[in-house]
């Protein structure tokens, strides 16, 4: 950590600051330039980061040098983490596709959609039972009933299932039904919820917050890792911007950016990113070309009747074509899209 | 609600769409322009809003006409809601100031700061016991111990106290100690938490999310109101932007904008908005000049030793001067800053 | 255009509004719903758009229905425009790659870099002679001397050349040397400059402004088209955001979004988008996968000595590998990257 | 400037970097921490800033320490610059109000509005003759005819006049008619135009760009100052954001933020910031409370007939009330709103 002093910082200011830093057990390195004096703090930056050095008299700016996350960083873990869930493998050159309806609207509807989703190439089935909705007056999901249908459908098809958990009180319940837990964008900084899923050992798909930086995203992953759950999958799903013709602005550069900074797998949700079915396919292709370890795609066989997010759902045929595109683009990059009859292993094992 | 059809929409597309709309019990109004056909839907827009009309073949765009919140709107409630907590009154031309440390760091520290905060003019005492922190490795608050100190200090000084609640499981606990509940910016769309504090009848200070629109902010308030808690205070605390010299961009126009759309009181948190003590005072003055019904200000007597957010805390003397400025600016606008010996009434009563 | 009236709009308000609309020669369509009255304006929306209907008493909101650009729209021109410059062809399933140094730093340097750039697969040579720099104290480009080197180098290699024009007074000069004109992001809404290059018939690469919406981007293209120059190439180069680990946030969805709304070709500049050489390749691949009609890439053989934007430049070998990736990804989508010995045609012809 | 090296930087990397830095004439300061080696560069940072150190092998990050502007900084000029134009004085505790129509629509209209504007308290008359319009199909201003009316009207009333200049070729013309020149938000980084008005000695109102940081804003002011024109007035007018209920997000904290970093006066344009007449007054009051040195307000006597930006114009009576509010709020802060019969001095003189 580097502390830049104001031009007019007095000797007393400097002494008081150094005394505090030394009192915390750090060594310092003082550099007097022509226009500014700079103090380098040598030692564990995490502890130093909690100190309000900016509030000291004479201090102009505090510049952290190290990343504020550890377990999530490449420095801690150079190789790729591969998160496994049944046939699905995310990371380490393997790409897995997750598909299904945004919300479980009923048993029959789920089975009707899930079959073609599996045939198209999905190796994980998605479906929301608890839905975070901006308005209190819209459909909020079927709750436990939805979880039961999802489990039943996953079992029937031999697919692991993923669903969102929104409340610390629901984690136990959702864990009983689902193979992977999803944390939605609006909960990326719901720290009690992160800690709670950190106590689980099931893989967690953590969605990027609407206006979260890459650094904050990795700090949220750190909350989960710090509780002992190593199976975190990061999901880029677009960030908020001024652009009003798409729901969110899909940050394709976040994929290689995250993978450079972290060993965790990174997948993309082109459906919630764009909110427009006509843009889902090109954005999904782009994600794969940028190195994504997976896709999470809304599929519905009658989008005009969907209870949630119909305008962004792909028809099963379009989803199948997308899976094929993904396979071919991944090949160009020397990567492999995991097929539906891929190597089946225990859920959540880590390579 | 208005539905704009694509130039090439077929007769079948239009018929299918109208059939669905009529099937939902709405009347329609068809207008064929030179370049577009437009369908007006007549009837309750809330229900129509849940329908995925954008996913219908032939539909170009769906334009809602009404606001997606009701109880929070001026149309539902033309006069100002005044939220009362002990001496504090927010709304209806009365302005109340909340002050105190960002986090309760200990009993002695809280009492030491709270006295001058009250003398300066604050009518509510703030202090965090559960702190949402970006990193899992920083101070997370004293928890229930902090709540006890806060209650004790509020009782000693005759001030109502406000503190943040972060988890649905904590609401009961926090409610036992605090007079007002605070929902932090990162939880503005934590819908289970909103519903939970909606079951309380204590006033709730709801902070605007980091990238929430005014409309979404009011929809989150609607979650609380819809559960029967009418005592919602909206708090503008800055939104995320590209500007890197301040922590957040304080949206001063949101104050009159919210007050025009809603009857709920609106307060401002200049401390978290800017993250810089040197900007807190001018931004707080601006908030009052823009019509804010209150301020929420971090105060610390030794910011260089604060465990949380020291760089943004005001010293008690600066806080006292700010309270005086606020009083005089409010006067210019014909409004009144509630004094420490104001009219004392029951907490949470609604005018 | 649709005008939504306030709930309390009086009969006089409505009459005054209708009188004005009819006075402008429009027909109207009145729809009285349960909660709002709505006026549909039938006729040319462009003229209506200039009217300040929102300032009329009783008006709540004005909703335009049509796009505010015409010549740039797919409705005006259903097929793809193909912009041709020597061997390069942008649009209609053909993809062309532009490479070269960010700035022309000298004659020898340009020739040294341009050879490998051509060999790698570039069909247009880029190089800045007039550089827009945030600070007045940094290198501003070689000016006309740079233009001469660029022309000379393009002639020697048989490559068309593109360079930026920043000032209306420079257009004539730059046109004498360059085959394509580039308008930088900071000038996307420099309307006199847009009009001036609209008087040229040379292809114009128009970069998206730092915070321009897709709609505004197309309106700026409209300025050029409206002056009679049909050869506009849109260039996505990232937009400003809160994310601080990349220079700009590359909006990959803008590529299919623009191509759906407009017939104009769309290329991508991954170098200025990210500002980081390590992200240029994955972002460039993503752009091609999303359907870009070309790439504009900074190449330098010694980035550590570059006078401008060294940190984002690719080495020639990395650029060659990227060209090969682009070729293979384009193939997956049934598109073709134009080779250096492609079909040579007149510059700027339009298919 | 500080350079942070990668954990794995080799001795060769460090030596090569140091050699280059020393070759440029700088001294260095090397600090080897536990996890990173850091190089401090001692000497003129402006020159170092142009070097692409981030492109050197082994370099992780480059951290500038000093501001990238000089003449605009408080370090260069500790006292407030006061810009004078006739009776108007901006800065040093004096506040001046500019009013008038967004566009000069005709001679009669301008005279009709300007009288009440002066009476209300404006000491400068505004009116656009060249209008930057997003669409090429809307009213672009009366050009020189508008300038003539503006001059004539200013002379008749004894008010200095300000108008926008959009093109380097127009500067001479506009300078002949106007007392102050305005650079619009879309031209904040039109560097040739900044240089051109820098050659003038007339006061320049420089509007903040739609997505410009405070630092970039001051760098653009630096372009003007560096050419010898010291009379720069900064104008905050809102920045682009995700919020869709206002045109721009007015950054009230930028006012004290700019004034802390720079000696230049800062004014506010609440009209273009919000785009909504109902928000102009509270935002303008907030700007004064935050320390603004002036206001720039759209006034029209029949907003429903305005050719440009009618929905944001104040009626003369509302403008007069606002001027009175501004006077009283300024008084609270110990500042003075310059009256119409203020101390008249030469235009552009600098205190």
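Numbers for the structure displayed
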| read-out | value |
| --- | --- |
| Among A:195-203, D:118-126, B:138-146, the order from most to least packed when residues are scored by Cβ within 10 Å on average | D:118-126, A:195-203, B:138-146 |
| Principal axes of the stretch C:208-351: Cα extent on each, largest first, Å | 43, 40, 30 |
| Global size of the stretch C:82-350 as Cα Rg and Dmax, reported in angstrom | 16.4, 47 |
| Where labels lie 7 Å past Cα in the beta-carbon direction, separation of residue A:138 and residue B:324 in nm | 5.1 |
| On Cα atoms only, tilt of D:144-157 relative to the major axis of chain D in degrees | 70 |
| Ordering of C:295-308, A:25-38 by packing [mean C-beta count within 10 Å, highest first] | C:295-308, A:25-38 |
| Residue mean of other protein chain beta carbons inside 10 Å, A:167-173 | 3 |
| Kirkwood Rh in Å, taken over the stretch C:26-125 so that all alpha-carbon pairs contribute | 19.0 |
| Average beta-carbon neighbours from other chains, 10 Å sphere, peptide A:275-288 | 6 |
| Whole-Å distance, taken between Cα centres, linking the stretch B:185-246 and the stretch A:277-301 | 32 |
| Residue C:60/residue A:15 FRET efficiency (R0 51 Å; Cβ-Cβ; nearest 0.05) | 0.20 |
| Convex hull volume per residue in cubic angstrom - Cα atoms of the stretch D:128-287 | 127 |
| Radius of gyration and Dmax over the Cα atoms of the stretch C:54-187, both given in Å | 19.7, 68 |
| Helix axis angle, A:277-289 relative to chain A longest principal axis, alpha carbon, degrees | 60 |
| Helix-derived mean residue ellipticity, 222 nm - over chain C, DSSP H n ≥ 4, -39500 (n - 2.57), to 500 | -10000 deg cm²/dmol |
| Using a 7 Å Cα-to-Cβ projection, residue C:315 label spacings across copies, nm, ascending | 4.9, 5.6, 7.1 |
| Rounded tilt (10° steps) of B:316-332 against the dominant C-alpha axis of chain B | 50 |
| Label geometry 7 Å along the beta-carbon vector: residue D:35 inter-copy distances in nm | 3.0, 5.3, 5.7 |
| Shape category assigned to the protein assembly as shown from the gyration tensor of Cα positions, a/c cut at 1.5 | rounded |
| Distances in nm from residue D:173 to the matching label points in the other copies, shortest first (labels 7 Å along Cα to Cβ) | 2.1, 7.0, 7.1 |
| Simple label model, 7 Å out from Cα along Cβ direction - residue C:173 to residue A:331, nm | 5.3 |
| Inter-chain Cβ neighbour average for residues C:210-217, partner chain, 10 Å | 6 |
| Chain B Cβ-axis minimum, rotational copy A, residue and distance in Å | B:211, 2 |
| Gap separating the Cα centres of the stretch C:4-57 and the stretch B:110-128, nearest whole Å | 54 |
| Simple spin-label estimate for residue C:302 and residue A:156 in nanometres, 7 Å along Cα-Cβ | 6.8 |
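A short reminder: the numbers here are calculations on the coordinates, not readings from a lab. If you're wondering where the values come from, they're calculated on a predicted model, not measured in any experiment. Note that each Cβ is placed from the backbone with ideal geometry, even for glycine, and that neighbours are counted across all protein chains shown.
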